[in-house]
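The values are calculated or read from the model by the stated rules, or taken from the named source; none is laboratory data. Not measured: the values here are computed from a predicted model. Neighbour counts are summed over all protein chains in view; Cβ atoms, including those assigned to glycine, are modelled from backbone coordinates with ideal geometry.
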Amino acid sequence: MTGSSDQRNLIETAARIFPGGVLSRHKLDDDRQLVFVSGRGAHVTDAAGREFLDFTCAGGAVLLGYDHPGVLAALDAQARRGVHFLGLLNDTAIRYGAELLDVLPIGGQIRFCCSGAEATFNAIRLARAYTGRDRVLKFEGAYHGHHDYGMWSYNRFAADAFSPVPNSAGMAAGIADDILLAPYNDVAAAEDVFRREGPTIAAVIMEPVQRMTAPAPGYLDRVRDLASETGAVLIFDETVTGFRIALGGAQERFGVLPDLAVYGKSLGGGLPLAAVVGDPDIMALASVEAWQNDPRGVFFSGTLFGNPMACAAGRAFLDALRTPDAFPPFLARAEALKSGLAQILGKHGVDAHIVGEGPMWRLYFGDPDRIHDVRTISDKDRQRAFDLGLLDSGIFVRPGGGHYFSMAHTDEDVEAVLRAADRIAARL
Ligand SMILES: Cc1ncc(COP(=O)(O)O)c(C=O)c1O
């Protein structure tokens with residue numbers, strides 16, 4: 001049974017049992033709260049029975065849409081064979097791991113885990129064990145998950161772009177000494193940090209496309225060279241870019257290979273699955289033998305690692321992506337949406353720009369010459385106003401956030417967004 005009162009009851013229960021009435025940091029305004037009860041294709045339905053055309057794509061996790069038949073069949077078959085077997089070997093995880101190493105440019109070896117944060121945390125731990133160094137260079141504005149090495153200067157900034165600011169209370173203050181910060185897309189700044197601190201840097205972790213912003217030409221190559229010259233481990237956090245901007249993610253799109261890469265979000269076909277992939281010499285430190293006998297051995301383990309349900313869904317996901325006609329129409333539709341939006345904004349004289357690499361986008365109200373710079377932030381109020389207009393038109397987006405495109409979206413869905421955007425831009 002669904003209905004407005006049912007939805008209200010559920011929201012009240014959530015407010016009572018969950019801190020802040022939420023499952024995570026994601027929260028809608030109080031007067032727009034809703035509870036999802038189903039997702040079909042590119043559509044979601046709330047407990048009041050309202051249907052939305054969805055562009056959150058579960059934060060990018062459901063790249064094929066909410067109920068891809070291949071994923072559903074794989075889940076059904078796996079559920080009948082067992083939903084988990086400790087972190088001991090299971091056939092589904094082995095097959096998926098091998099298939100992934102066939103398609104991911106970085107190759108090497110793979111260790112599954114359950115979330116993007118777990119993967120970035122363990123990639124950093126591996127890099128520190130491998131290099132015998134402690135420090136981690138990250139880029140201002142980048143997000144790598146909730147842990148104490150990731151949550152620095154994600155959306156709170158110091159006066160200068162080199163001093164890390166904790167994004168949460170409860171982070172051990174001592175860790176700040178091991179965090180180096182640099183502005184993204186600024187070659188001179190990266191060179192400067194490496195010149196000063198190079199021999200102390202264990203890991204350079206970056207979103208190759210930071211949030212939605214593409215790297216400047218040659219930027220990733222230069223960071224790659226700086227890491228190699230100083231012996232630091234370069235980690236690409238491909239949690240967002242992996243399988244999305246190309247089958248081989250940012251590595252394929254920009255032709256730069258890191259030492260380790262991290263995947264998550266869509267990797268498990270919508271189920272919780274993430275992985276660290278890369279250089280076999282570094283990955284070898286995660287073996288049980290290394291952990292027990294080698295002073296550099298790393299503990300990288302979890303009860304639900306290699307979960308066969310998530311790996312079964314992942315295999316079906318990868319199968320769908322590997323069909324030759326998967327990416328061209330997907331990327332073309334996303335481009336049609338973005339160029340259509342840009343045209344509409346221009347037609348109505350709205351001084352906003354469309355930011356986003358491949359099948360992701362957001363509106364940006366600010367200086368177009370500094371879109372690469374997280375400090376020149378968008379006029380958030382206008383960005384939210386536009387997104388709330390989409391919500392009120394039945395198009396579900398995260399107000400003020402970035403939006404994802406899925407392979408379940410159609411030309412008609414693009415048209416629906418453009419029609420709504422035309423009405424909203426006229427008002428703005
Ligand atoms: C680039 C990037 N890295 C890491 C993470 C953390 O992943 P998770 O939320 O699965 O811990 C995210 C999540 O949004 C992300 O976008």
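Here 47, 15, 42 are screened, and the one residue that is away from the ligand (no atom under 16 Å from the Cβ), hydrophobic (A, V, I, L, M, F, W, C) and loosely packed, with under 15 Cβ neighbours inside 10 Å is 15.
Among residues that are free of Cβ contacts under 8 Å to residues at least 60 places away in the same chain and in the same structural domain as residue 262 (by TED's automatic domain parsing), residue 98 is included.
Here residue 131 fulfils each of the conditions (1) surrounded by fewer than 23 Cβ atoms within 10 Å (Cβ to Cβ); (2) under 19 Å from residue 285 (Cα atoms); (3) within 25 Å of the chain's Cα centre (by Cα) apart from (3). Against the criterion of being without any contact (Cβ under 8 Å) to a residue 40 or more places away in the chain and within 21 Å of the chain's Cα centre (by Cα), residue 39 qualifies.
Out of all the residues in the stretch 345-400, which are β-branched (Val, Ile, Thr), farther than 17 Å from residue 27 by Cα and part of a loop (DSSP other than H, G, I, E, B)? Even if it seems obvious, please write down each step before you answer.
To start, the set of residues in the stretch 345-400 that are β-branched (Val, Ile, Thr) comprises 350, 354-355, 371, 374, 376-377, 395, 397.
Still in the list and also farther than 17 Å from residue 27 by Cα: 350, 354-355, 371, 374, 376-377.
Within the stretch 345-400, 350, 371, 374, 376, 377 qualify.
Just to be sure I understand, how many residues within the stretch 56-71 are more than 16 Å from the ligand (Cβ to nearest atom) and touching a residue at least 40 places away in the same chain (Cβ under 8 Å)? Lay out the reasoning, then the answer.
First pass over the stretch 56-71, keeping only residues more than 16 Å from the ligand (Cβ to nearest atom): 64-71.
Narrowing further to those that are touching a residue at least 40 places away in the same chain (Cβ under 8 Å): 64-66, 68, 70-71.
So the answer is 6.
So which residues in the stretch 14-26 are among the β-branched types (Val, Ile, Thr) and either part of a loop (DSSP other than H, G, I, E, B) or over 29 Å from residue 167 (Cα atoms) (or both)?
First, pick out the residues of the stretch 14-26 that are among the β-branched types (Val, Ile, Thr): 17, 22.
Answer for the stretch 14-26, where residues must be among the β-branched types (Val, Ile, Thr) and either part of a loop (DSSP other than H, G, I, E, B) or over 29 Å from residue 167 (Cα atoms) (or both): just 22.
Within the stretch 343-360, no residue that is not assigned by TED's automatic domain parsing to the domain that holds residue 63 sits with its Cβ atom under 6 Å from a residue that is in a loop (DSSP other than H, G, I, E, B) at 6+ positions apart or across chains. With respect to residue 22, determine if the residue is under 28 Å from residue 154 (Cα atoms), within 16 Å of the ligand (Cβ to nearest atom) and without any contact (Cβ under 8 Å) to a residue 60 or more places away in the chain. Considered against the rule, which asks whether it is under 28 Å from residue 154 (Cα atoms), within 16 Å of the ligand (Cβ to nearest atom) and without any contact (Cβ under 8 Å) to a residue 60 or more places away in the chain, residue 22 comes out as yes.
Kindly indicate the residue of the stretch 80-99 that is in contact with a Leu (Cβ under 8 Å, 6 or more places away or on another chain) and at pLDDT 95 or above and also farthest from residue 281 (Cα to Cα) among those meeting that condition.
The first filter runs over the stretch 80-99 and keeps only residues in contact with a Leu (Cβ under 8 Å, 6 or more places away or on another chain), leaving 84, 87, 96, 99.
Now narrow it down to the ones that are at pLDDT 95 or above: 84, 96, 99.
Working: 84: 29, 96: 21, 99: 20 Å.
By that ranking, first place goes to 84.
Remark: pairs (first residue in the stretch 263-281, assigned by TED's automatic domain parsing to the domain that holds residue 121 and on the phi > 0 side of the Ramachandran plot; second residue part of a loop (DSSP other than H, G, I, E, B) and more than 10 Å from the ligand (Cβ to nearest atom); Cβ separation under 6 Å; 6+ apart in sequence or on different chains) = 270/62; 278/106; 278/108; 278/259. A residue that is away from the ligand (no atom under 15 Å from the Cβ), more than 21 Å from residue 128 (Cα to Cα) and of a type outside the set (S, T, N, Q) cannot be found anywhere in the stretch 197-215. From the list 194, 157, pick out the single residue that is more than 13 Å from the ligand (Cβ to nearest atom) and crowded, with 22+ Cβ neighbours inside 10 Å. Only one candidate passes the filter, namely 194.
Do you know which of the residues in the stretch 229-245 that are farther than 17 Å from residue 126 by Cβ and more than 16 Å from the ligand (Cβ to nearest atom) is surrounded by the fewest Cβ atoms within 10 Å (Cβ to Cβ)? First the steps, then the outcome.
Step one: of the stretch 229-245, the residues farther than 17 Å from residue 126 by Cβ are 229-230, 240-245.
Next, from what is left, pick out any that are more than 16 Å from the ligand (Cβ to nearest atom): 229-230.
Working: 229: 10, 230: 18.
Ranking the candidates gives 229 first.
When you check residue 102 against the structure, is it of a type in the set (Asp, Glu) and either outside any loop (DSSP other than H, G, I, E, B) or modelled with pLDDT under 95 (or both), yes or no? Yes.
Is one or more of the residues making up the stretch 78-90 within 12 Å of the ligand (Cβ to nearest atom), crowded, with 18+ Cβ neighbours inside 10 Å and assigned to a loop (DSSP other than H, G, I, E, B)? No, the stretch 78-90 has no match at all.
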